[in-house]
Amino acid sequence: MLWLVPFLTVLALVLAQRTPTISNISDEKVVDLGDTTELTCSVQYAFDYTVLWVKIDPDQPGGAIPLSKGTSLILPETRFALRHNTASSTYVLQMKDIQDTDAGIYQCQVLISTQNIISRNVKVSVRQPPVISDDSTRSVVATVGEDVTLECYASGFPNPRVSWRRKNNAILPTGGAVYRGNKLRIPSVSKDDRGTYYCVAENAVGEGARRNVALDVEFRPSISIPRPRVGQADGYGMDLECHVEAYPQPAITWLKDGFQLANNVHYKLSQFSAGDDFTSATLRVVSAGQGRYGEYKCQAANKFGRAEGVVNLHETYEPVCPPACSAESGPKAFAAVILLCLIYGRINW
């Protein structure tokens, strides 16, 4: 058996002179949040060398975060564990409860010298639902005729697909109900393009993300008159209506015979706004009669222009209901006051 001694000595010397190699490393990993995964690194001829697991991080000094050295874990992180299979010389890095920060490049290293490192990488990707970036458009105010671009960007893994829709699935300025892409371009915007747009980011992870983008379009007033010609009997009230579209909201005035009207015993003015760009203006003629029949003008103006509509109030023989049938309109209202005063006491004027 003495003849084996020289042979084993030579074999040991040969093995000692072999350069360490990484014979096998895990394929790329794609995992979900909360999962557990393992990275394996098998080495050969590395009996006298140190094997490390590191995470490549360009933001760290040296560009890497050491995780393990030999058979010991360096990182004080309870989610991480290290196993060493002596028979196969395999180092197994286990990660539990995967978080989004665990995504990145992991590197198995064999330290030969300060100037010589053998390494192989494995990429870990973590599936993440889309998150719409803060640099995406939130709202835009444009003037009729301008070119408008709405932008939407999202992060996540896999890379989210971004699409655009309008409220109530209205047709987009680009045509169709859906447009795919990060930028929605609207050339020569019109007032019909105003409203709410939805940026939707999807990647089959979770329910996706959505952002509402408000597009306000500035335009000059336009006026529509629901009833250009109305009639009412002498002594009864009547409402004159004027519908105004404009943005910014306009100043609305009523005129009779060239004079601006105001709230008084003969007229009551009111306005109701539905949104930022539609206003319904009403002029109540409290008691129609001589001097209050004729043409009334509704005028609206903002910084982009002005518009005018005309309502003609004429006399009728019979009262027109409504509002003549109301207890607050016309001679009947006065008669009701007299009757109540006769019942409950004398009249004090």
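The numbers here are math on the coordinates, done by the rules we state, and not lab data. On a predicted model such as this, the values are computed, not experimentally measured, just so you know. Virtual Cβ from ideal backbone geometry, glycine too; neighbours counted across all protein chains shown.
Once the Cα atoms are used to define both axes, helix 330-344 deviates from the longest principal axis of the chain by about 80 degrees. Across the range 176-193, computed HN-Hα scalar couplings (Karplus, 6.51 cos²θ - 1.76 cosθ + 1.60, θ = phi - 60°) run x, 8, 9, 10, 9, x, 6, 10, 9, 9, 10, x, 6, 4, 10, 5, 6, 7 Hz from first to last residue, x flagging Gly and Pro. Counting only residues at least eight positions apart within a chain, or on another chain, the aspartates and glutamates with an alpha carbon under 17 Å from that of Lys191 are Glu146, Asp147, Asp216, Glu218, Glu245, Asp276, Asp277. Taking each DSSP H run with n ≥ 4 as -39500 (n - 2.57) and averaging over every residue of the chain yields -2500 deg cm²/dmol at 222 nm.
The antiparallel fraction among DSSP beta bridges confined to the chain stands at about 85%.
The mean sequence separation of alpha-carbon pairs under 8 Å and at least six residues apart, normalised by the residue count of the chain, gives a relative contact order of 11 percent. In loop segments of the range 13-77 as defined by DSSP, the trypsin sites (Lys or Arg not before Pro) with at most 11 further C-beta atoms inside 10 Å of their C-beta are Arg18. The residues Met95, Met238, when put in order of fewest to most other Cβ atoms within 10 Å, stand as Met95, Met238. The GluC sites (Glu not before Pro) of the range 197-277 that meet both conditions, a loop assignment by DSSP and at most 10 other Cβ atoms within 10 Å of the site Cβ, are Glu207.
The HN-Hα couplings worked out from phi for the range 231-242 by the Karplus form 6.51 cos²θ - 1.76 cosθ + 1.60 (θ = phi - 60°) are x, 7, 6, 4, x, 10, x, 8, 9, 10, 10, 9 Hz, whole numbers, x standing for Gly and Pro. By the count of neighbouring beta-carbon atoms within 10 Å, fewest first, Val205, Val54 end up ordered Val205, Val54. Rounded to the nearest 20 debye, the dipole magnitude of the chain is 120 debye, with +1 charges on Lys and Arg beta carbons, -1 on Asp and Glu beta carbons, and the Cα centre as origin. Calculated from the structure at hand, P(r) over Cα pairs in 10 Å bins from 0, in percent is found among (1) 5, 15, 14, 11, 11, 10, 8, 7, 7, 5, 3, 2, 1, 0, 0; (2) 5, 23, 27, 22, 16, 6, 1; (3) 5, 22, 33, 26, 10, 3, 1, 0 as (1). Ranked by how many other Cβ atoms sit within 10 Å of their own Cβ, fewest first, the residues Val124, Val110 fall in the order Val124, Val110.
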